[in-house]
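Read the structure below first, then the notes.
The values are calculated or read from the model by the stated rules, or taken from the named source; none is laboratory data. Since the structure is predicted, the reported quantities are computational estimates derived from the model, not experimental observations. Note that we place each Cβ from the backbone using ideal geometry, even for glycine, and neighbour counts take in every protein chain shown. Quick note on the areas: whole protein, heavy atoms, side chains included, nothing else; ligands and nucleic acids left out. Shrake-Rupley method; radii C 1.70, N 1.55, O 1.52, S 1.80 Å.
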Amino acid sequence: MTTERKILTVARHEGNWSVEHEGVHFGQSADKEVAKAAACRRARSLQDDGHACQIRVSGEHGFWIKPS
């Protein structure tokens, strides 16, 4: 049995950072960290309701490339 994961994406939207979940944007802010915090709060709420979650952040891949 596999559980469908709820995906929340933090990305630029209409000039600000926001969170997108199932086509709905929320948590708009000029500050990326504020939008990430909004995504974490929603993910926690979804997890409390029994859903697996993943937060994706545009521009953050978990690695970096050393400039030459």
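Quick notes on this one:
- If the condition is being under 17 Å from His51 (Cβ atoms) and surrounded by 13 or more Cβ atoms within 10 Å (Cβ to Cβ), then the stretch 3-33 contributes Lys6, Ile7, Leu8, Thr9, Val19, Glu20, His21, Phe26.
- Close pairs (6 angstrom Cβ cut-off, 6 or more residues apart or separate chains): outside any loop (DSSP other than H, G, I, E, B) in the stretch 11-29, open to solvent by 30 Å² or more (accessible area, probe 1.4 Å) and hydrophobic (A, V, I, L, M, F, W, C) anywhere: Asn16/Ala30; Val19/Phe26; Ser29/Trp17
- Residue check, Lys36 more than 9 Å from the chain's Cα centre (by Cα) and either open to solvent by less than 50 Å² (accessible area, probe 1.4 Å) or not hydrophobic (A, V, I, L, M, F, W, C) (or both): no
- Pair list, Cβ under 6 Å, 6 or more apart: the stretch 43-56 residue open to solvent by 60 Å² or more (accessible area, probe 1.4 Å) and aliphatic (A, V, I, L, M), other residue in a strand (DSSP E or B) and at pLDDT 95 or above: Ile55/Leu8
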